[in-house]
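Student: Starting off with a structure, shown below.
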Amino acid sequence: MGKTLSEKVWDEHVVRSAEGEPDLLFIDLHLIHEVTSPQAFDGLRLAGRSVRRPDLTLATEDHNVPTVDWDKPIADPVSRTQVETLRKNTEEFGVRSHPLGDVEQGIVHIIGPQLGLTQPGMTIVCGDSHTSTHGAFGAIAFGIGTSEVEHVLATQTLMQARPKTMAVTVTGDLPDGVTAKDLVLTLITQTGTGGGQGYIVEYRGPAIEALSMEGRMTVCNMSIEWGAKAGLIAPDKTTFDYIEGRPEAPKGADWDAAVEHWKSLVTDDDARFDKEIVLDASTMTPFVTWGTNPGQGVQLGGTVPDPAQFEDADERVGAEKALEYMALEAGTPMREVKVDTVFVGSCTNGRIEDLRLAAEIIKGRTVDKDTRLLVVPGSVRVRMQAEDEGLDIIFKEAGAEWRGAGCSMCLGMNPDQLTPGERSASTSNRNFEGRQGKGGRTHLVSVPVAAATAVRGTLSSPADLPELVSTGATDGRA
Amino acid sequence: MEKFSTHTGVGVPLRRSNVDTDQIIPAVYLKRVTRTGFEDGLFAAWRGDPSFVLNKPEYAAGSVLVAGPDFGTGSSREHAVWALQNYGFRAVISPRFADIFRGNSGKSGLVAAQVDEKVVQRLWDHLEEFPGATVTVDLETRTVKAGEGPDAIEDSFDIDDYTRWRLLEGLDDVGITLSHEEDIEAFEKTRPTWKPVTIH
């Protein structure tokens, strides 16, 4: 019997396998950041250990950093200490780092692919659950806790039980205006937050193959939101074209050797998955969440559900609690939900393609007077590229705030937070209670929905916006 | 890591499903660079509510948390495990744990005991009827126990063999892996030269 893609990649990394024990897997790339690494470095120091492979390790500052005044010392002393601790640790242990102010700084899952370090067939880990993003390249990539960060620093390996395999096959074509984000939100609402638990998922089928690398990263990014160990997509020409020429991509004969191997990284025809799900992309529409986990979603054209309609008692109670927290009435059309803040950014939707899409919709329009639009590029490179293309001017002229790179309001760890009761439409990945600030209410949305919502002030898609009378009035490039 | 064989302590009924790690400890509490002191952020959003279970004096000294399904979903923050441990919890019982949380628990010495949903329901009822009642989590026999007499609750729980062994022995993972250093070295020699490196 043949092997699935994830089985191939897994098997290529088994250092040691023994009956009754998890496999010992070699890790090709370990990404670290300021929040989940300090205790791991402490552990090394206490045991007198070193970093086994600094050359397979990369650090950046993203979770806790400000997106304004990034050229000044961080105002919050506790945040500053955490960031300075990473700087001391990377220096002491000889780890390459891209700190705040560096041109390669940014969200850890944006900069790996951007540098060309994320490549097919690799094992990639980071003390962050959205490490699944890198699976878009055909890598096995997953989030780990701090004890495991220490384990990888010390040994460049991880003990892992072999997960089951699942295929999510998406047939048909996504309709115009429907994005990878809508696709993955639709999927999670079908499966629930625990539906992928114990599985490595391979996303496949025509709708997946048609996605850009950015779109594929959005889908894989949210694998963790339905509980999957990891999510990956077989590498193809789209993947190779994205990687070629990037700073850390293989060159010359190495490139040829790499591509030859990467082409073998597909699920064999006679391989079997432990579970399969099939979705039809052609029936999908813009999708938003109404509740307090990513599985509580509905079509933008739908209404806030009535908890009484949930057959499962647990889901019913969950829905009641969610509506209470979200201050929503069952039956309210989603399009009537008024939004205070729109956040465009994060490792889910903070790449250049996302900013271009948002700018295209915002261009020539203005942000609703009662709504705030925060645009946070995923990395310094994304910010610079956007500024080269004049996207920043489009955003600023519309009344949006144009910020520096980082995780920002996705998790509300830096000062970019919602206030109690404030409602957001957010291109990020989690609508948990308080995720974006204590008492904040989050609706997860795609980039086009975020941009249209900023203009109308209620949850909207670009189709809801009046046609512009004249286009090109503000080109932004003067 | 401290050895764990069996623990008996006050059970805390947390009648909620989908308790994600942002709820266990919000991001603003993750700024410490130590492994201690995170109890101040434990369930921070709910601690202001007098009716929240940990705010009731009978449960305040709890050390066995009994929660609904999909406990620990979301962020990989091990701080969620530390916050529970820093508060005084030694074990969490749930019908289903998120993968990363369960892994982090095993590494840090918190027992994540997976039981049937009906067992959680019975434990909740018991702990609410008798506030301050204890629950025993026996890792040797993989059983959870509460109550006495004909209504006593006793059922098995799931935890993978390897994690159970490590917890019983109090073993350090890194130490175990470094005993296989020759295997790691041998593997490293077989890696293709075109694989990327961060330092040239």
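All of the numbers you see were taken from the coordinates with simple rules; none came from a lab. Note that the coordinates shown come from a computational prediction; the quantities given were computed from them, not determined experimentally. FYI the Cβ positions are ideal-geometry reconstructions off the backbone, even for glycines, and counts take in every protein chain you see.
Student: Summarise the long-distance tail of P(r) for the range A:326-392 by giving the % of C-alpha pairs beyond 19 Å.
Tutor: Roughly 43 percent, rounded to a whole number.
Student: What's the Cα-based Rg to Rh of chain A, Rh via Kirkwood?
Tutor: That ratio is 0.96, to two decimals.
Student: Can you list the GluC sites (Glu not before Pro) in the range A:315-346 that are in a DSSP coil and have 13 or fewer other beta carbons within 10 angstrom?
Tutor: Those that pass, being in a loop and sparsely packed, are A:E329.
Student: Turning to a different aspect of this structure: Would you kindly give the portion of the calculated P(r) for the range B:72-140 that falls above 19 Å, as a percent of all Cα pairs?
Tutor: 37
Student: Report the rotationally averaged projected area of the range A:155-225 based on its alpha-carbon convex hull, in square nanometres.
Tutor: Average of the hull's projected areas for the range A:155-225 equals 5.7 nm².
Student: How big is D for the range A:198-325, in µm² s⁻¹ as a whole number, if Stokes-Einstein is applied with the Kirkwood radius of its Cα pairs at 20 °C and 1.002 mPa s?
Tutor: Approximately 120 µm²/s, per Stokes-Einstein.
Student: How big is the Rg/Rh ratio for the range B:119-169, C-alpha atoms only, Rh by Kirkwood, two decimals?
Tutor: On the Cα set of the range B:119-169, Rg over Rh gives 1.05.
Student: Ok, one more. Write down the Kirkwood hydrodynamic radius of the range B:107-200, to one decimal in angstroms, obtained as one divided by the mean of 1/r over all alpha carbon pairs.
Tutor: Taking every pair of different Cα atoms in the range B:107-200, averaging 1/r and inverting gives 17.1 Å.
Student: Quick one: what Rg and Dmax do you get for the range A:272-356 from the alpha carbons, in Å?
Tutor: Just the Cα atoms of the range A:272-356 yield Rg and Dmax of 15.8, 47 Å.
Student: Let me check I have the definition right: for the range A:9-146, take the eigenvalues of the Cα gyration tensor, multiply each by 5, take square roots. What are those semi-axes in whole Å, largest first?
Tutor: They are 28, 18, 12 Å, listed from largest to smallest.
Student: Per DSSP H run of at least 4 residues, take -39500 (n - 2.57); add these up for the protein assembly as shown, divide by its residues and hand me the 222 nm value, nearest 500 deg cm²/dmol.
Tutor: -9000 deg cm²/dmol
Student: For the range B:1-47, taking Cα atoms only, what is the radius of gyration to one decimal and the Dmax to the nearest whole Å?
Tutor: 13.5, 34
Student: Could you tell me, in Å, what Rg and Dmax come out for the Cα atoms of the range A:144-275?
Tutor: So, for the range A:144-275, Rg and Dmax equal 16.6, 48 Å respectively.
Student: Then there's this: What are the equivalent ellipsoid semi-axes of the range A:14-59, built from the alpha-carbon gyration tensor (square roots of five times its eigenvalues), in whole angstrom, biggest first?
Tutor: The equivalent ellipsoid of the range A:14-59 has semi-axes of 23, 14, 11 Å.
Student: Given a Förster distance of 30 Å, report the FRET efficiency between A:K396 and A:D76 from their Cβ-Cβ distance, rounded to the nearest 0.05.
Tutor: Computed FRET efficiency for A:K396 and A:D76: 0.70.
Student: Also, I was wondering about something else. If you wrap a convex hull around the alpha carbons of the range A:103-184, what volume per residue comes out, as a whole number of Å³?
Tutor: 141
Student: Please give the per residue volume of the convex hull enclosing the alpha carbon atoms of the range A:383-440, rounded to a whole number of Å³.
Tutor: Dividing the Cα hull volume of the range A:383-440 by its residues yields 91 Å³.
Student: Kirkwood hydrodynamic radius, the range B:6-149, all distinct C-alpha pairs: what's the number in Å?
Tutor: Mean inverse Cα-Cα distance, inverted, gives 15.0 Å.
Student: Now, a different point. With only alpha-carbon atoms in the gyration tensor, what are the semi-axes of the equivalent ellipsoid for the range A:293-439, in Å, largest first?
Tutor: Semi-axes (√(5λ), whole Å): 31, 16, 13.
Student: Bin width 10 Å, alpha-carbon pairs only: give the P(r) of the range B:20-66 as whole percents, running from 0 to the bin holding the largest distance.
Tutor: Values per bin, smallest distances first: 24, 52, 23, 1.
Student: For the range B:141-186, compute Rg over Rh where Rg is the Cα radius of gyration and Rh is the Kirkwood radius from the inverse mean 1/r over Cα pairs.
Tutor: Result: Rg/Rh = 1.31.
Student: Name the GluC sites (Glu not before Pro) in the range B:92-175 that are in a loop by DSSP and that have at most 10 other C-beta atoms within 10 Å, would you?
Tutor: When the GluC sites (Glu not before Pro) of the range B:92-175 are filtered for loop state and at most 10 Cβ neighbours within 10 Å, B:E140, B:E148 remain.
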